[in-house]
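A.B. asks: Please read through the structure below; I'll follow up with questions.
The values are calculated or read from the model by the stated rules, or taken from the named source; none is laboratory data. Remember, it's a predicted structure, so these values are computed and weren't measured experimentally. Cβ placement follows ideal geometry from the backbone for every residue including glycine, while neighbour counts extend to all protein chains displayed.
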Amino acid sequence: MQQDRDIIHIESLYKSFGDFRVLDGLDLTLEKDRVNIIIGRSGGGKSVLIKHIIGLLKPDRGRILVRGEDIVPMDEGAMARVRRDFGMLFQEAALFDSLNVHENVAFPLHEHTSKSYSEIDEVVQAKLAAVGLQGMDKKMPAELSGGMRKRVGLARALALEPKIVLFDEPTSGLDPVMAAAINELIQRTRQEFGATCIVISHDIDATMKIADNIFMLYEGKIIARGSPEELNENTDPVVRQFIRGEARGPIKVN
Ligand SMILES: Nc1ncnc2c1ncn2[C@@H]1O[C@H](COP(=O)(O)OP(=O)(O)OP(=O)(O)O)[C@@H](O)[C@H]1O
């Protein structure tokens, strides 16, 4: 493993729920300072994979190295330390409904740092400005649109300046303009904050525009990886069908 370049390195990962095998000897290497996008069918195991990367699930077998350290044998205390490197934008943004925008973004700073209130305010203002939400401090989550909620979620995910930001279907349920704004923010997250981005996406067009590296998960394994150009030229019928969004082909609709 090239520790300087590879931020996540997964070897032979297996995970079953009962008799149902979701991950089937999956290998995956994610490079630092890149927008890495994982694509694959609904129910194919993308969220299960992400949960392994942040230690919310333990595999049946396999190794998961985060910045060179195997997290599989780690206990919760050690895992909490590793998780400090991660920011996470969940599908539904997962804001605290009883806290306003400022309080939501400030939350991890109160939890994990000894910064003063004024230092925290400075960080919150900077992150809200970065996601285009200046002056929205006092709004409650219920008053915000889906896209604004996602942006607050991203501001909160960036609050602790994580090295890795995970985005679980960041544009689902958004109109095309808002989706484009979020996609631009993902690219800026890498460029301006120097964070490695790991994105789960169903949006092939956007993936082709913003990814540095694309990984296709299918039947428990990564069956294709490469730049958007490389994926476009991939001749595997499964990959072609998925990328082109065709109903007919080896992938069966069930
Ligand atoms: N804790 C669990 N217990 C049992 N089965 C689970 C559990 N978590 C996930 N699964 C199953 O594992 C499979 C993969 O789920 P996962 O949520 O990772 O899919 P996904 O690729 O993220 O799908 P989507 O794109 O629709 O979000 C599904 O069949 C799901 O029902």
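A.B. asks: All but one of (1) of a type in the set (Lys, Arg); (2) away from the ligand (no atom under 16 Å from the Cβ); (3) modelled with pLDDT under 95 hold for Lys46, so report the exception by its number.
C.D. replies: (2)
A.B. asks: Let me confirm something: among Lys127, Lys51, which residue is within 20 Å of Thr196 (Cβ to Cβ) and within 16 Å of the ligand (Cβ to nearest atom)?
C.D. replies: Numbers: Lys127 fails: within 16 Å of the ligand (Cβ to nearest atom).
Checking each option against the conditions leaves just Lys51.
A.B. asks: May I pose another question? Could you tell me whether Glu119 is on the phi > 0 side of the Ramachandran plot and not aromatic (Phe, Trp, Tyr)?
C.D. replies: Against the criterion (on the phi > 0 side of the Ramachandran plot and not aromatic (Phe, Trp, Tyr)), Glu119 does not qualify.
A.B. asks: Can you say whether Asp33 is more than 14 Å from the ligand (Cβ to nearest atom), touching a strand residue (DSSP E or B) at 6+ places or on another chain (Cβ under 7 Å), in contact (Cβ under 8 Å) with a residue 60 or more places away in the chain and under 19 Å from Glu219 (Cβ atoms), as far as the supplied structure shows?
C.D. replies: Details: more than 14 Å from the ligand (Cβ to nearest atom): yes; touching a strand residue (DSSP E or B) at 6+ places or on another chain (Cβ under 7 Å): yes; in contact (Cβ under 8 Å) with a residue 60 or more places away in the chain: yes; under 19 Å from Glu219 (Cβ atoms): no.
So Asp33 fails the test.
A.B. asks: Looking only at region 1-49, filter to residues that are of a type in the set (Lys, Arg) and part of a strand (DSSP E or B); which one of those is surrounded by the most Cβ atoms within 10 Å (Cβ to Cβ)? Explain how you work it out, then say what you get.
C.D. replies: Initial filter on region 1-49 (of a type in the set (Lys, Arg)): 5, 15, 21, 32, 34, 41, 46.
From what is left, the residues that are part of a strand (DSSP E or B) are 15, 21.
On the way: Lys15: 22, Arg21: 15.
Among residues in region 1-49 that are of a type in the set (Lys, Arg) and part of a strand (DSSP E or B), the one surrounded by the most Cβ atoms within 10 Å (Cβ to Cβ) is Lys15.
A.B. asks: Of everything in region 131-156, what is at pLDDT 90 or above and within 20 Å of Thr113 (Cα to Cα)? Give them in sequence order.
C.D. replies: Of everything in region 131-156, those that are at pLDDT 90 or above and within 20 Å of Thr113 (Cα to Cα) turn out to be Val152, Gly153, Ala155, Arg156.
A.B. asks: Return the pairs, sorted by first residue and then second, in which the second residue is among the polar types (S, T, N, Q) and part of a loop (DSSP other than H, G, I, E, B), the first residue lies in region 223-246 and is free of Cβ contacts under 8 Å to residues at least 60 places away in the same chain, the beta carbons are less than 7 Å apart, and the residues are 6+ apart or on different chains.
C.D. replies: Correct list of pairs: Ala224/Asn234; Arg240/Asn234.
A.B. asks: Can you pull out every residue in region 116-135 that is more than 24 Å from Glu169 (Cα to Cα) and outside any helix (DSSP H, G or I)?
C.D. replies: Scanning region 116-135 gives Ser116, Gln134, Gly135.
A.B. asks: If Asp70 meets every condition in (1) in contact with a strand residue (DSSP E or B) (Cβ under 8 Å, 6 or more places away or on another chain); (2) crowded, with 17+ Cβ neighbours inside 10 Å apart from one, which number is that one?
C.D. replies: Condition not satisfied by Asp70: (2).
A.B. asks: Being within 22 Å of the chain's Cα centre (by Cα) and in a loop (DSSP other than H, G, I, E, B) is the filter here, so list the residues in region 72-96 that pass it. Break it down stepwise before answering.
C.D. replies: Taking region 72-96 as the starting set, the residues that turn out to be within 22 Å of the chain's Cα centre (by Cα) are 72, 74, 76, 78-96.
Across region 72-96, the qualifying residues are Val72, Met74, Arg84, Asp85, Phe90, Gln91, Glu92, Ala93, Ala94, Leu95, Phe96.
A.B. asks: Can I ask one more? State which residue pairs qualify: first residue without any contact (Cβ under 8 Å) to a residue 60 or more places away in the chain and inside region 165-184, second residue crowded, with 21+ Cβ neighbours inside 10 Å and of a type in the set (Lys, Arg) in any location, beta carbons under 7 Å apart, and separation of 6 or more residues or different chains.
C.D. replies: Hits for this filter: Ile182/Lys150.
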